[in-house]
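Each reported figure results from applying straightforward, stated rules to the coordinates on display, with no laboratory input. The structure presented is a predicted model; accordingly, all values stated were derived computationally and were not measured. Here Cβ is always computed from backbone atoms with ideal geometry, including for glycine, and neighbour counts include all displayed protein chains.
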Amino acid sequence: MVKIKWFPIFVESVSHDPNITYFPPEPAFKYLTSIRSDAQFLKCPALRSFLKNTFIIKSPYNYRLEIDPATKGIKADRFGKDFFEHNIHVHLPTNPKDKVVVQTFPKYLFMSDSKKPVHVTVLPWFFKPNNYSVIPGSFDITKWIRPVNLAIEAHGPINLDYRRGEPLYCVRFDCEDDVEFELGEMTPELSKAVVSSVSVQKYVHGMSLKALYEQGAHYVNLIKSKVFK
C-alpha cells in the first residue's frame, strides 16, 4: 500500500485556512460504475487496468466561466475579482496559430514518503464531452512539491459550467501497489514550499524534471520530514 497525503489548495488573498469544501479524490472506476451501471465496457479488464489508481477530482463549487477567444472577453458569474485573480489564470495567445490556455481550480497537492517513485499524472475525465482539451502533466510526488490543477486549451468559445460534485479531471498514480489517501494539514511552511517549487520556472527557464529533483532534493526532504513525522 502506498500512502499519499492530499492537501486542498485554496488561494484567495494570503491565507492558510483549510478549505473543507474540497472532495477527497474518488476512485474513477467506482464512480464510473455508479453512473454507467449497465454499460458493457465496464466488464473490460483493460479498462479496469487503465483506471487502476486513477481518481476523479470534483468541482467544489458551482461556478460559470465564459471566455471568447475572438473578442478576448472573460466573464465569471460569482465570487468576485479577488477569487478570479487568484484561482483563474487565462493565457491569451500572441501567435494566431495558438489557442487560449486556462489554468483553473481546483488545485490539489499530493505528497508521499514512499521509497519508490510515485508519479502523479493529470488526465481528462474521459466520459464527458467538452469543447476543450485537458493539458496533461506528470511528475514524481516523492521528489517534488507542487500542486496539480485543471489546465485546458480552448477549441473556441469556452463555457465552463462547474457544478459542485461533478468530475472535472483525473489524477493517476503510477505505482505497483494500491493507493491509500490521508488528508494533510496545509501549514504556512508547506505553503511556502509550494510557492518556491512553482516559482522556479519563472527565474530559471527550461529546467528538466531531473534537474529540478536534484536542485530541490535537500529542501524537499526537509519539508517531507516535517509532513511525515
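Points worth noting:
- Restriction of the GluC sites (Glu not before Pro) in the stretch 182-229 to DSSP coil positions whose beta-carbon has at most 16 other beta-carbons within 10 angstrom yields Glu185.
- Between the beta carbons of Met1 and Asp82, assuming R0 = 45 Å, the FRET efficiency works out to 0.65 to the nearest 0.05.
- Thr21, Thr104 arranged by Cβ crowding within 10 Å, fewest neighbours leading: Thr21, Thr104
- Positive-end ranking of Phe84, Pro106, Asn131 along the dipole of the chain, with charges on Cβ about the Cα centre, is headed by Asn131.
- With helices as the sole contributors, the chain gives -7500 deg cm²/dmol at 222 nm; each DSSP H run of n ≥ 4 counts as -39500 (n - 2.57), and the sum is divided by every residue.
- Between Leu183 and Trp6, the built amide H atoms are under 5 Å apart, and every one of these is 5 or more places off in sequence or on another chain.
- Trypsin sites (Lys or Arg not before Pro) within the stretch 1-92, DSSP loop, no more than 11 other Cβ atoms inside 10 Å: Lys72, Arg78
- Backbone amide hydrogens, once placed in the peptide plane, bring Gly137 within less than 5 Å of Val122, excluding anything fewer than 5 places away on its chain.
- Estimated translational diffusion coefficient (Stokes-Einstein, Kirkwood radius over Cα pairs, 25 °C, 0.890 mPa s) of the stretch 73-229: 139 µm² per second.
- Partners of Lys99 within straight-line reach, counting lysines whose Cα lies under 22 Å from its Cα and excluding those fewer than 8 residues away in the same chain: Lys72, Lys75, Lys128, Lys202.
- In the chain, Cα pairs under 8 Å separated by at least six residues give a relative contact order of 28 percent.
- When the chain is treated as a Gaussian network with alpha carbon springs shorter than 10 Å, the biggest mean-square fluctuation among Phe173, Phe126, Phe55 belongs to Phe126.
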